[in-house]
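Working notes for the structure below.
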Amino acid sequence: MTTLHFVERLRDLVDGVEVVLSDIWGVVHNGLESFPEACAALRSYRDQGGTVILITNAPRPADSVQRQLRKLGVADDTYDAIVSSGDLTRHYVADHPGRKLYWLGPERDNSIYRGLDAVLSPLEEADYIVCTGLLDDETESAEDYREMMLQARERKLTLICANPDIVVERGDRLIYCAGAIAELYRELGGDVIFYGKPHQPLYERAMALAAKRRGHAIQRERVLAIGDSVRTDLAGAHGFGIDCLFVTRGIHSEEFEGVDQLDPASVKELFGHPPKALMRELKW
């Protein structure tokens, strides 16, 4: 294992790379505003002939994610396509017609059921749970749902996690996501199915879209993932067999404050499997 240095420019890493699989939250925006230089970097890569697929653990369909990106100032020409954990969750619901589900999540995520014949029910009558997030992520944590998760475990309900993230940035704060509840349920002995990073179905879907765009199958050594989470982005890229550019401005920013390089011992402690390179924020 070698020492890791920070790089300044995406252009120095994409020679021979056909496809970039980029995280959104923490790389392209922080939940309140977009990062103009990151958007410009992805556009410049596309202008050079590359394909950009945004991969996100957002518990909403891709078209809903696109509408949010537009509101935050991320132009459509920043990327070629979006793959969301919400889309994969929708496939699960569609494949289980007639089964009653208990939805745990904020009202803003209701697009996950749009166009589906979903049968919503109270927890006491449900056949399974779909968790898109906390009801109030401004004030709550997973612990607020312990009693509910104990009830679900007693009924042996499967929990479908539509966002495996534990936390994300919102401005300068970290807020809890569906993954925090899902991990609590798993610790309590509950059965959980995760859709999104670091799990492979999302990457397989992204690669299929990239191959369709480019007209041929994509070799994994010609793919670069970009992300800011060790648990989801880096682990997902490693598990799928592709390189990862790790952006440190996101949820791990405090761990990298004042750091110019990482020695092998620090790399192992922080990452386990090292990324291809480090970058403080995405720039072309």
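The values are calculated or read from the model by the stated rules, or taken from the named source; none is laboratory data. Since this is a predicted model, take the numbers as computed values, not measurements. Methodologically, a virtual Cβ is constructed for each residue, glycine included, from the backbone with ideal geometry; neighbour enumeration extends over all protein chains shown. We work out accessible area using only protein heavy atoms, side chains counted, and drop any ligands, DNA or RNA first. Shrake-Rupley method; radii C 1.70, N 1.55, O 1.52, S 1.80 Å.
A few points about this structure:
- Taking the range 128-176 as the range and being more than 29 Å from Gly236 (Cβ to Cβ) and assigned to a loop (DSSP other than H, G, I, E, B) as the test, the residues that pass are Thr139, Arg155.
- Inspection of the range 139-157 finds no residue satisfying the criterion of being under 26 Å from Asp228 (Cβ atoms), crowded, with 22+ Cβ neighbours inside 10 Å and in contact with a Phe, Trp or Tyr (Cβ under 8 Å, 6 or more places away or on another chain).
- Test: residue in the range 76-83 that is closer than 19 Å to Ala225 by Cα and open to solvent by less than 10 Å² (accessible area, probe 1.4 Å): yes
- The set of residues in the range 186-211 being surrounded by 15 or more Cβ atoms within 10 Å (Cβ to Cβ) and part of a loop (DSSP other than H, G, I, E, B) consists of Gly190, Tyr195, Gly196, Lys197, Pro198, His199.
- Screening the candidates Ile181, Ile193, Ile226 for the property of being hydrophobic (A, V, I, L, M, F, W, C), out of contact with any Pro (no Cβ under 9 Å at 6 or more places or on another chain), under 15 Å from Ile24 (Cα atoms) and at pLDDT 95 or above yields one hit, Ile226.
- Test: residue in the range 121-130 that is of a type outside the set (A, V, I, L, M), modelled with pLDDT of 95 or more and either closer than 20 Å to Pro201 by Cβ or surrounded by 15 or more Cβ atoms within 10 Å (Cβ to Cβ) (or both): yes
- Members of the range 1-29 that are open to solvent by 40 Å² or more (accessible area, probe 1.4 Å), in contact (Cβ under 8 Å) with a residue 40 or more places away in the chain, out of contact with any strand residue (DSSP E or B) (no Cβ under 9 Å at 6 or more places or on another chain) and in a loop (DSSP other than H, G, I, E, B): Met1, Thr2
- Only one entry of Leu32, Leu88 meets the criterion of being open to solvent by 10 Å² or more (accessible area, probe 1.4 Å), in contact (Cβ under 8 Å) with a residue 60 or more places away in the chain and part of a loop (DSSP other than H, G, I, E, B), and that entry is Leu32.
- Leu42 vs. criteria hydrophobic (A, V, I, L, M, F, W, C), closer than 21 Å to Pro198 by Cβ and open to solvent by less than 40 Å² (accessible area, probe 1.4 Å): no
- For Leu174: the one exception among (1) open to solvent by less than 20 Å² (accessible area, probe 1.4 Å); (2) out of contact with any Pro (no Cβ under 6 Å at 6 or more places or on another chain): (1)
- Of the residues making up the range 239-258, at least one is modelled with pLDDT of 95 or more and open to solvent by 60 Å² or more (accessible area, probe 1.4 Å).
- For Asp109, the criteria (1) in a helix (DSSP H, G or I); (2) open to solvent by 10 Å² or more (accessible area, probe 1.4 Å) hold in every case but one, which is (2).
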